[in-house]
Amino acid sequence: MSEQVKVHSAVKVHSVAEGPADGPVVVFSGSLGSDHRMWDPQVKPLVEKGFRVIRYDTRGHGASPVPPGPYTLADLGGDLLALLGEHGVERAHVVGLSLGGMTAMWLGVNAPDRIEKLVLCCTSAKLGPPSMWADRAKTVRENGTGSVAEAGVGRWVTAGYATAYPERTGYLREMIANVPAEGYAASCQAIEQMDLVGDLPKIAARTLVIAGAEDPATPVEHAEVIAGGVPDARLEVVEGAAHLGSFEQPERFTALILDHLEAAR
Ligand SMILES: O=C(O)CC1=CCC(=O)O1
């Protein structure tokens with residue numbers, strides 16, 4: 001990690017590790033409002049290919065601790081570094097979606113020695129306007145995550161998916177509604193403060209950027225900024241995917257992730 005980066009407040013996040021203990025490690029970092037189950041579709045295919053898959057709940061989400069906010073990306077990145085330490089992992093591939101992708105980019109900039117390859121799904125290097133995140137944090141602190149769950153799932157999956165798969169869509173809505181209000185709000189504040197655009201050229205890791213063609217939260221143009229800024233990056237756009245593309249189009253996302261991680265360099 002670079003000398004300048006100080007991580008004061010890492011928390012021990014809840015994690016699940018699957019696959020061979022000696023396999024190459026892939027850490028999955030999730031979206032605002034999710035927990036580690038959002039990556040369920042990716043686990044079996046990666047484990048079958050010999051990867052050690054570590055998923056976790058971002059601080060303030062799922063079964064992880066909920067320290068009072070605001071959080072910063074440095075906090076979230078520090079938690080992931082502490083997670084690597086807990087699992088005895090020197091270097092890992094990191095796959096992140098949305099807030100998880102922001103955390104992955106932060107690591108690519110600030111802890112390049114701990115990162116193998118990056119996969120940045122449905123994410124952004126600067127997601128404004130800041131007032132929207134401040135407003136959402138306030139709403140959630142006042143009214144709970146249930147008050148934003150319906151709108152949230154409307155960004156996560158396409159209308160066609162919601163109609164075709166009401167039970168799965170309800171499962172995702174519940175996932176959002178179950179996030180502790182302070183954890184969700186404090187994470188909004190991390191996004192409010194985030195601006196990684198100028199740092200993208202510092203990311204040395206070989207990077208795959210994946211966008212959902214129908215993502216209303218982090219549209220394809222945001223992925224183009226990332227792929228244009230990271231020196232060794234390429235972009236794939238997946239049709240029929242909104243924001244939680246890895247869940248809505250699991251076969252396509254998983255195939256792209258595997259191709260990238262298994263490529264010779
Ligand atoms: O607006 C949303 O809920 C989508 C989103 C933006 C950042 C993130 O992690 O999720």
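With every protein chain present, what is the per residue accessible area of the chain (1.4 Å probe, Å²)?
Here the residues of the chain average 40 Å² of exposed surface.
Calculate one ³J(HN,Hα) per residue across the range 86-102 by plugging θ = phi - 60° into the Karplus curve 6.51 cos²θ - 1.76 cosθ + 1.60, and present them in order as whole Hz with x for glycine and proline.
Computed from phi, the couplings for the range 86-102 are 4, 8, x, 9, 7, 9, 9, 6, 10, 10, x, 10, 6, 4, x, x, 5 Hz.
Considering only DSSP beta bridges where both residues belong to the chain, give the percentage that are antiparallel (nearest 5).
15
Between D199 and E239, what is 0.36 nm times their sequence separation minus the Cα-Cα distance? Round to one decimal in nm.
My answer for the length gained is 11.5 nm.
Given a 1.4 Å probe and every protein chain left where it sits, what share in percent of the accessible area of the range 165-245 is carbon and sulfur?
Its accessible area is 48 percent carbon and sulfur atoms.
From the square roots a ≥ b ≥ c of the eigenvalues of the alpha-carbon gyration tensor of the range 125-236, which class results: rounded (a/c under 1.5), prolate (a/b over b/c), or oblate?
Oblate shape, in that a/c is at least 1.5 and b/c is the bigger or equal ratio.
What dipole magnitude, in Debye to the nearest 20, does the chain give about its Cα centre under +1 on Lys/Arg Cβ and -1 on Asp/Glu Cβ?
260
Based on alpha-carbon centroids, what's the gap between the range 64-136 and the range 159-174 in Å, whole number please?
27
Cα gyration tensor of the range 216-265, axes a ≥ b ≥ c as square roots of the eigenvalues: rounded (a/c below 1.5), prolate (a/b > b/c) or oblate?
Oblate shape, in that a/c is at least 1.5 and b/c is the bigger or equal ratio.
How much mean residue ellipticity at 222 nm does the chain get from its helices, if each DSSP H run of length 4 or more adds -39500 (n - 2.57) and you divide by all residues, to the nearest 500 deg cm²/dmol?
Taking each H run of at least 4 residues, the total per residue is -13500 deg cm²/dmol.
Which order do V220, V66 take when ranked by solvent-accessible area (1.4 Å probe, heavy atoms of all protein chains), largest first?
Accessible-area ranking of V220, V66, largest first: V66, V220.
By average Cβ neighbour count within 10 Å, what is the ranking of 99-107, 154-162, 30-38 from highest down?
Sorting 99-107, 154-162, 30-38 by mean packing, highest first, produces 99-107, 30-38, 154-162.
For a quick check of your reading of the filter: which GluC sites (Glu not before Pro) in the range 1-99 sit in a DSSP loop and have no more than 10 other Cβ atoms within 10 Å?
E3, E90
Quick check on the chain: take the gyration tensor over C-alpha atoms, sort the square-rooted eigenvalues as a ≥ b ≥ c, and tell me if it's rounded (a/c under 1.5), prolate or oblate.
Because its axes are fairly even, with a/c under 1.5, the chain counts as rounded.
If I model a spin label at A134 and A82 as a point 7 Å from the Cα along the Cα→Cβ vector, what separation in nanometres do I get?
Modelled inter-label distance: 2.9 nm.
The values are calculated or read from the model by the stated rules, or taken from the named source; none is laboratory data. Note that the structure is predicted; figures quoted are calculated from it, not measured. Note that we place each Cβ from the backbone using ideal geometry, even for glycine, and neighbour counts take in every protein chain shown. When the accessible area is computed, the model is the full protein with side chains, heavy atoms only, and any ligands, DNA or RNA have been set aside. Shrake-Rupley method; radii C 1.70, N 1.55, O 1.52, S 1.80 Å.
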